[in-house]
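Structure, as structure tokens:
Every number here is computed from the coordinates shown, using simple stated rules; none is lab data. Bear in mind that the values here come from a model prediction, so they are computed numbers and not experimental data. Neighbour counts run over all protein chains shown; Cβ positions are idealised from the backbone, glycine included.
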Amino acid sequence: MENGLVVRAGVVIPDSELGWRFSRSSGPGGQSVNTTDSRVELSFDVAATTALSDVLKARALERLGSRLVDGVVTIAASEYKSQWRNREAARERLVALIREAIAPPPRKRRPTKPSKGSVRRRLDDKKRRGQTKRLRGRPED
């Protein structure tokens, strides 16, 4: 394996900051499911990490707030029979989660006005629709 998880350019989570736990999986595996610890839990302490700058750490803590327990995010993977594939799946999910959490906020929307032409077309359509509905009414005697 590598010397860490590459989240993006300049952001690498060292393996020493990742915590692994293994347990028996309830998923596929047949007879071997009761004997192998194929379920994987990957823990990463976002609050105490040195891999993220203060700005990125604050952003990640804010965005992952609901998923954190004492500043630690935990990802469980048990969809594969093999522990190795579940480890890879957990690593990929953690990278995606952290990448999304430290992404810069989207640009503010610049408010714009509808063009005069679009306003005119909208009002014309409304008038036409009203005319159509008016014609559906009962003829007066």
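Relative contact order of the chain: 21 percent, from C-alpha pairs under 8 Å at least 6 residues apart in sequence. From most to least packed by mean Cβ count within 10 Å, the peptides 125-134, 64-73, 96-105 give 96-105, 64-73, 125-134.
Available extension along the chain between VAL6 and ARG128 is 38.1 nm, counting 0.36 nm per residue and deducting the alpha carbon span. A straight Cα-to-Cα reach below 20 Å connects LYS127 with the lysines LYS116, residues fewer than 8 places away in its own chain not being considered.
Need one word for region 4-141: rounded, prolate or oblate. Basis is the Cα gyration tensor (sqrt eigenvalues a ≥ b ≥ c); a/c below 1.5 gives rounded, then a/b vs b/c decides. Because a/c hits 1.5 or more and a/b fails to exceed b/c, region 4-141 counts as oblate. Let me spell out the model: positive unit charges on the Cβ of Lys and Arg, negative unit charges on the Cβ of Asp and Glu, origin at the Cα centre of region 60-137. What dipole size does that give, in debye rounded to 20? That gives region 60-137 a dipole magnitude of about 1400 debye. If you plug the beta carbon distance of GLU17 and LYS81 into 1/(1 + (r/R0)^6) with R0 = 30 Å, you get a FRET efficiency near 0.60. The simple Förster model, with R0 at 30 Å and r as the Cβ-Cβ distance, assigns GLU140 and LYS116 a FRET efficiency of 0.20. Answer with one residue from ALA58, TRP84, TRP20: the one whose Cα lies farthest towards the positive end of the charge dipole of the chain, charges on Cβ with Lys, Arg +1 and Asp, Glu -1. It is ALA58, whose Cα lies furthest towards the positive end.
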